[in-house]
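The values are calculated or read from the model by the stated rules, or taken from the named source; none is laboratory data. What you see is a predicted model, and the numbers here were worked out from it, not measured in a lab. With ideal geometry, Cβ positions are generated from the backbone for all residues, glycine too; neighbour counts draw on all protein chains shown. Surface areas here come from the heavy atoms of the whole protein model, side chains and all, with no ligands, DNA or RNA. Shrake-Rupley method; radii C 1.70, N 1.55, O 1.52, S 1.80 Å.
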Amino acid sequence: MQDKDQLTRAMQADCRRNIDHRLTDIHYWYSELCQELEQLMAENCRLKCALERLQKALAETTEAPQQIAQECLFHREKRMGLDLVHDTVEIKLLEEIAMIQCVKEKMKRLIVKVEAQLQANRTAQHQLEMDLTNKKVAQEIDRKCFNLRNTSEDISYFLGVENVDATVSIPETWGKFSDKNILHSQCQRAASSKLREEIENLMEISSREMWSKFNEVNVAFTKRISEIAETKNRIKVHLAKNILETSGWIQ
C-alpha cells in the first residue's frame with residue numbers, strides 16, 4: 001500500500017507538471033492570438049475608414065466636375081452657324097470627361113477589391129476568435145485539473161475513461177494550428193495595408209490629374225474667349241466703317 005501510494009503521488013506530481021507546462025503553452029498562444037486579433041481589428045478599422053473616403057471621393061469629388069464639363073458641352077452645342085466649331089475647348093472638355101470617367105472606373109474596381117479584402121479580414125478574425133474561445137475553454141479545464149487534490153470536494157470516478165482516446169491533435173499540430181491562424185491573419189493585414197496605400201496613391205494621383213485637366217480647360221476657355229472678343233471687336237470696327245462709308249455714299 002505504501003509503494004502504491006508513493007507511485008500514485010509520483011504520477012500525480014508528474015501529471016501536475018505536465019498540466020503546468022500545458023497551461024504555459026496555452027497562455028503563450030492565447031497571448032499571441034489576442035495580440036494578433038487586436039492588430040487585425042485595428043487594421044479593419046483603418047481599411048473601413050479608407051474605403052469610406054474612397055466612396056465619398058467617388059460620389060462627390062468626381063461627379064461635380066464631370067457634370068460641369070458635360071453641361072459646358074451641352075451649352076456649347078447651342079452655338080450657331082460657323083461658331084459651332086470643334087475647337088481646343090471642346091477637345092479639352094472631352095479629355096476631361098474621359099479622364100474623370102477613367103478615374104471613376106479605377107475607384108470602382110478598387111472599392112470591389114477593398115470590400116473583398118474586408119470580407120477576408122472578417123474570416124481571419126472569426127478564425128482567431130474561435131481559436132481564442134477554444135484556448136480559453138482548454139485553459140479553464142486544465143487549470144481546474146491542475147488545482148485538483150485528493151482532498152478536493154465533488155471528485156467523481158469515471159470508470160474506463162482512461163481507455164478512451166478522444167484526441168483530435170497532438171501538441172505539434174495543436175501549435176501549428178494556432179500558428180497557421182496567426183500567419184493567415186498577418187497575410188491579410190499585409191494585403192489590407194497594401195490596399196490602403198493603393199487608395200491613398202489613387203486619390204492623390206487622381207486629384208492631381210483632375211486639377212491639371214481643370215486648369216487646361218480654363219486656359220483653353222480663357223484663350224477662346226479672348227479670341228472671340230478680339231474678333232468681335234474687329235467686326236464692330238469694320239461694321240462702323242461700313243456704316244460710315246454707306247452713309248457718305250448715300251449722301
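If eta is 0.890 mPa s and T is 25 °C, what Stokes-Einstein diffusion coefficient results for the chain, Kirkwood Rh from Cα pairs, in µm²/s?
95
Given an 8 Å cut-off on Cα distances and at least 6 residues of separation, report the relative contact order of the range 52-193 as a percent.
Relative contact order, the range 52-193: 32 percent.
Report the residue, chosen from Lys135, Lys180, Lys113, that carries the largest GNM mean-square fluctuation when the chain is represented by alpha-carbon nodes joined by springs under 10 Å.
Lys180
Using only Cα atoms, locate the centre of the range 139-176 and the centre of the range 198-219, then give the distance between them in Å, rounded to an integer.
For the range 139-176 versus the range 198-219, the Cα centre distance is 65 Å.
Taking the convex hull of the Cα atoms, report for the range 195-247 its projected area averaged over all directions, in nm².
Quarter of the Cα hull surface area: 3.4 nm².
Using Cα pairs closer than 8 Å and at least 6 residues apart in sequence, work out the relative contact order for the range 1-121, in percent.
34
Using the Cα atoms of the range 163-242, I'd like the radius of gyration and the largest Cα-Cα distance, Dmax, both in angstrom.
For the range 163-242, the Cα-based Rg and Dmax read 34.4, 120 Å.
Using the alpha-carbon atoms, what tilt in degrees (0 to 90, nearest 10) does helix 63-76 show relative to the longest principal axis of the chain?
20
Compute the helix-to-body angle for 2-56: its Cα long axis versus the longest principal axis of the chain, expressed 0 to 90° and rounded to tens.
10
So how much accessible area does Cys45 have, in Å² to the nearest 10, using a 1.4 Å probe?
Here the accessible area works out near 80 Å².
I need the shape label for the range 109-251. Rule: rounded when a/c is under 1.5, else prolate if a/b > b/c, else oblate, with a, b, c from the alpha carbon gyration tensor.
Judged from the Cα gyration tensor, the range 109-251 comes out prolate (a/c at least 1.5, a/b above b/c).
Hey, what does the equivalent ellipsoid look like for the range 156-198, semi-axes from the Cα gyration tensor as sqrt of 5 times each eigenvalue, largest first, whole Å?
Over the Cα atoms of the range 156-198, the semi-axes work out to 43, 10, 6 Å.
Using every Cα-Cα pair within the range 87-146, state what percent have a distance larger than 19 Å.
Counting pairs separated by more than 19 Å, the tail of P(r) holds 64 percent.
For the range 146-187, which GluC sites (Glu not before Pro) are both in a DSSP coil and crowded by at most 10 other Cβ atoms within 10 Å?
Glu153
How much accessible area per residue does the chain have, counting only protein heavy atoms and a probe of 1.4 Å, in square angstrom?
Ligands and nucleic acids excluded, the figure is 72 Å² per residue.
What relative contact order, as a whole-number percentage, does the chain give when Cα pairs under 8 Å and 6 or more residues apart are counted?
37
With all protein chains present, how much of the accessible area of the range 25-152 (probe radius 1.4 Å) comes from carbon and sulfur, to the nearest whole percent?
58
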